[in-house]
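Structure record follows, encoded as C-alpha cells.
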Amino acid sequence: MLSQTLKYAYFPGCVAQGACRELYQSTQALTKALDIQLIELKKAACCGSGTFKEDSQLLEDTVNARNIALAEELNLPLLTHCSTCQGVIGHVNERLQESQTNNPGYVEQVNGLLHKEGCSPYRGSTVVKHLLYALVTDYGLEEITRRVTRQLTGLKCAAFYGCYLLRAQKSMPYDDPYNPEAMENVFRSVGATPIYYRGRTQCCGWPLSSYATTQSFQMAGMHIQEALESGADCLVTPCPLCHLNLDSRQPEVEKVIGHKLGLPVLHLPQLIALALGISPKELGLDRHIVSTKPVLEKLGI
C-alpha cells in the first residue's frame with residue numbers, strides 16, 4: 001500500500017488535447033483509478049517538439065523554463081505522458097540545471113526574458129518525469145498488480161518506446177536506453193505477454209513525415225510488420241506522436257509498403273486502465289483509426 005497520495009504538476013501537451021484526445025481521457029481515467037492526483041498546468045505552452053531549437057536554442061529553453069517554473073510554483077514534479085514532451089522538457093531542465101553551475105549568465109538571460117513577460121523564474125528545483133516512469137518508480141509495479149481486476153492474460157503486447165523517451169537526456173536513471181524493460185515489466189504486471197522485436201526502441205518516422213513522407217511511412221511499416229511477425233496482438237506506445245504515425249496513418253503506410261497490416265496501437269494508459277476494469281468507451285478506444293476490437297475480443301471484453 002502507498003503511504004501517501006502521489007501528486008504531480010501535469011503537462012498534457014498539445015497532441016493529447018487534439019488529435020489524440022483519447023490519451024488525455026485515458027490518463028485521467030487511469031490516474032483517478034490509481035488515486036494519483038494531477039494538477040493540470042493549464043497555462044503551459046507547447047514544448048515545441050524539438051522544432052524551436054532549429055531557430056533558436058534560447059527560444060526552446062525559455063519556453064520550457066516557463067513550463068518547468070509552473071511546476072516549481074506548485075513544488076511538484078512535472079509529469080508528461082508524451083515521449084517527445086519528456087525528451088524536450090527533460091533535456092531543457094537538465095541543460096539549465098547544468099548551466100546554473102557552468103554558465104549562470106545563460107540562466108540569468110532566460111529568467112530575464114521570463115521576468116519581462118511577468119513569468120516566474122526558473123529555479124531548477126524539480127524533476128521532469130514521464131507517466132511510464134512515475135508508475136514504475138513512484139507508484140510501483142506491485143501496487144499496480146494489486147489493483148488489477150481484469151488480467152490481460154494471453155494478450156501479446158509489443159512496446160514502441162520511440163526515440164525521444166530513451167535518448168534525449170544525457171542520463172537515463174530509470175531504464176537502460178539501449179535495452180529498456182520498463183514497458184515490458186508493466187505488461188507483465190497486468191498479465192500481458194511482452195513481445196520483443198528490433199524496432200521497439202527506434203524512431204517511428206514522425207519527424208520525417210512533413211518532408212520525406214514515403215521514407216517516414218516505410219519506417220513505420222517496417223516496425224509494424226516486425227511486430228506482427230513476432231506475434232504481437234498490438235503495439236503499445238508512450239508517445240502520441242508515435243501513435244499518430246503508427247495508428248492514424250497506418251492506412252497510408254499500407255499503401256506505401258503495398259500490403260495490409262491492421263495492427264492495433266494502444267496508448268500506454270489505455271492498456272493499464274483496461275486491466276483495472278475501466279470500460280473501453282471511457283478510454284477512447286473507439287477513436288482509433290485501426291480498430292481495437294481484436295484486442296478487446298481476445299480479452300473477452
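The values are calculated or read from the model by the stated rules, or taken from the named source; none is laboratory data. All of these numbers come straight from a predicted model, not from anything done at the bench. Methodologically, a virtual Cβ is constructed for each residue, glycine included, from the backbone with ideal geometry; neighbour enumeration extends over all protein chains shown. These accessible areas exclude ligands, DNA and RNA; they are computed on the full protein's heavy atoms, side chains included. Shrake-Rupley method; radii C 1.70, N 1.55, O 1.52, S 1.80 Å.
Looking at the stretch 109-132, can you tell me whether even one residue there is in contact with an Asp or Glu (Cβ under 7 Å, 6 or more places away or on another chain) and either of a type in the set (F, W, Y) or under 16 Å from Q57 (Cα atoms) (or both)?
yes
Among the residues of the stretch 139-154 satisfying the criterion of being within 14 Å of I278 (Cβ to Cβ) and of a type in the set (V, I, T), which is least open to solvent (accessible area, probe 1.4 Å)?
Residue satisfying both the conditions and the ranking: I144.
Considering only residues that are outside any helix (DSSP H, G or I), closer than 15 Å to I289 by Cα and either without any contact (Cβ under 8 Å) to a residue 60 or more places away in the chain or not aliphatic (A, V, I, L, M) (or both), which ones fall in the stretch 221-236?
C234
I'd like the full set of residues that are open to solvent by 60 Å² or more (accessible area, probe 1.4 Å), of a type in the set (S, T, Y) and in contact with a strand residue (DSSP E or B) (Cβ under 9 Å, 6 or more places away or on another chain), limited to the stretch 1-30.
T5
Looking only at the stretch 57-64, decide whether some residue is surrounded by 15 or more Cβ atoms within 10 Å (Cβ to Cβ), among the aliphatic types (A, V, I, L, M) and without any contact (Cβ under 8 Å) to a residue 24 or more places away in the chain.
Within the stretch 57-64 (the criterion being surrounded by 15 or more Cβ atoms within 10 Å (Cβ to Cβ), among the aliphatic types (A, V, I, L, M) and without any contact (Cβ under 8 Å) to a residue 24 or more places away in the chain), the answer is yes, since at least one residue qualifies.
Would you please list the contacts, defined by Cβ atoms under 6 Å and residues six or more apart or on different chains, that run from a residue in the stretch 77-101 that is without any contact (Cβ under 8 Å) to a residue 40 or more places away in the chain to a residue that is surrounded by fewer than 19 Cβ atoms within 10 Å (Cβ to Cβ) and in a helix (DSSP H, G or I)?
Taking only residues 6 or more apart or on different chains, the pairs are S99/Y106.
Identify, please: which residue in the stretch 20-41 is assigned to a loop (DSSP other than H, G, I, E, B) and at pLDDT 95 or above and is, among those, farthest from the chain's Cα centre (by Cα)?
D35
Run down Y197, Y178, Y164, Y174 and say which single residue is open to solvent by 10 Å² or more (accessible area, probe 1.4 Å), within 20 Å of N245 (Cα to Cα) and more than 14 Å from the chain's Cα centre (by Cα).
Of Y197, Y178, Y164, Y174, the one residue that is open to solvent by 10 Å² or more (accessible area, probe 1.4 Å), within 20 Å of N245 (Cα to Cα) and more than 14 Å from the chain's Cα centre (by Cα) is Y197.
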